[in-house]
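Notes follow once the structure below has been shown.
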Amino acid sequence: MNAAFDRLVEADAFGALDLRLADLVERLAGGDAPDLRLAATLVSAVRRRGYVCLDVGGDPAGQVARAFGPDVAEAFAAPKGWARTLRRFPNVGKPGDRVPLILEGGRLYLQRFWACQDRVARAVRGRAGEAPAKIGPAVRRALDRAFPGADRSEQRAAAEAAVSRRFAVVSGGP
């Protein structure tokens, strides 16, 4: 077993599903793969905490600290050359592969969540690249009523972008 894994289990960082997934992934790799077991458990656990992937190539300790808090982070030590080690396993693939774990750069994903993220990214790129639609007179009148005066010109521009494009990001205050 891996000492970092044991410390995280003792810190109660994982749920039953995380541990079962790790068992399966390790078994599919032929057993006795502690670095893979740790990665599979963590990628499942951080996903439940709102992250889509585990940073195994950059700052995994920082991500563990953000996801679990400082007490659990103290129990974690990333294996040296973790991303390179994970690439050797047959159930860790590259983007588009149909294996349990996907390693893209230094980011490890559960395959399903990599595929979801990829679909969303392709849809955003497709919609963002489309030309804006013409705004009809009825919509223009509604915008005039909603945004009278020059002091609201930025808000109006944001509203126009939202109604004329299939994809728009509007940020900032009211």
How many of the residues making up the stretch 94-106 are more than 13 Å from Leu38 (Cβ to Cβ) and surrounded by 19 or more Cβ atoms within 10 Å (Cβ to Cβ)?
-> 3
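Taking the condition of being in a loop (DSSP other than H, G, I, E, B), under 15 Å from Phe68 (Cα atoms) and not acidic (Asp, Glu), how many residues in the stretch 1-51 meet it?
Selection size over the stretch 1-51: 7.
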Quick one: is Gly136 of a type in the set (Gly, Ala, Ser) and surrounded by fewer than 17 Cβ atoms within 10 Å (Cβ to Cβ)?
-> yes
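Report yes if some residue within the stretch 88-102 is assigned to a helix (DSSP H, G or I) and more than 22 Å from Gly15 (Cα to Cα); otherwise report no. Walk me through how you get there before you give the answer.
Here is the first cut: in the stretch 88-102, the residues assigned to a helix (DSSP H, G or I) are none.
Looking for residues that are assigned to a helix (DSSP H, G or I) and more than 22 Å from Gly15 (Cα to Cα), one finds none in the stretch 88-102, hence no.
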Pairing a residue in the stretch 130-146 that is without any contact (Cβ under 8 Å) to a residue 40 or more places away in the chain and among the charged types (D, E, K, R) with any residue that is part of a helix (DSSP H, G or I) and surrounded by 11 or more Cβ atoms within 10 Å (Cβ to Cβ), where Cβ atoms lie under 8 Å and the two sit 6 or more apart in sequence or on different chains, gives Lys134/Ser164
Residue among Ala75, Ala16, Ala22 that alone is open to solvent by less than 60 Å² (accessible area, probe 1.4 Å) and within 22 Å of the chain's Cα centre (by Cα) | Ala22
Can you find a residue in the stretch 70-84 that is under 23 Å from Ala121 (Cβ atoms) and in a loop (DSSP other than H, G, I, E, B)?
-> no
Residue pairs meeting the criteria (Cβ under 7 Å; at least 6 apart or on separate chains; first more than 15 Å from Asp59 (Cβ to Cβ) and β-branched (Val, Ile, Thr), in the stretch 69-96; second part of a loop (DSSP other than H, G, I, E, B) and open to solvent by 20 Å² or more (accessible area, probe 1.4 Å)) = Val72/Ala11; Thr85/Pro79; Val92/Val99
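Take Arg125 and decide whether it is surrounded by fewer than 15 Cβ atoms within 10 Å (Cβ to Cβ), at pLDDT below 90 and among the charged types (D, E, K, R).
Taking the combined requirement at face value, the residue does not satisfy it.
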What do you reckon, is Arg145 under 30 Å from Arg7 (Cβ atoms), over 19 Å from the mean Cα position of the chain (by Cα), open to solvent by 50 Å² or more (accessible area, probe 1.4 Å) and not small (Gly, Ala, Ser)?
-> no
Across (1) without any contact (Cβ under 8 Å) to a residue 60 or more places away in the chain; (2) of a type outside the set (A, V, I, L, M); (3) in a helix (DSSP H, G or I); (4) under 23 Å from Val169 (Cα atoms), Gln117 clears everything bar (1)
Out of the residues in the stretch 151-162 that are farther than 30 Å from Gly50 by Cα and open to solvent by less than 90 Å² (accessible area, probe 1.4 Å), state the one that is modelled with the lowest pLDDT.
-> Arg152
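Out of all the residues in the stretch 52-62, which are part of a helix (DSSP H, G or I) and crowded, with 23+ Cβ neighbours inside 10 Å? Write out each step before concluding.
Filtering the stretch 52-62 for residues part of a helix (DSSP H, G or I) gives 60-62.
Answer for the stretch 52-62, where residues must be part of a helix (DSSP H, G or I) and crowded, with 23+ Cβ neighbours inside 10 Å: just Pro60.
So, in the stretch 142-169, how many residues would count as being not basic (Lys, Arg) and not in a helix (DSSP H, G or I)? Steps first, please.
First, the residues of the stretch 142-169 that are not basic (Lys, Arg): 142-144, 146-151, 153-155, 157-164, 167-169.
Next, only the ones that are not in a helix (DSSP H, G or I) stay: 147-149, 167-169.
Number of matching residues: 6.
The values are calculated or read from the model by the stated rules, or taken from the named source; none is laboratory data. In this text the structure is predicted, and so the values were computed from the model without any measurement. Cβ atoms come from the backbone with ideal geometry, glycine included; neighbour counts cover every protein chain shown. For accessibility, only protein heavy atoms count, side chains too; no ligands or nucleic acids. Shrake-Rupley method; radii C 1.70, N 1.55, O 1.52, S 1.80 Å.
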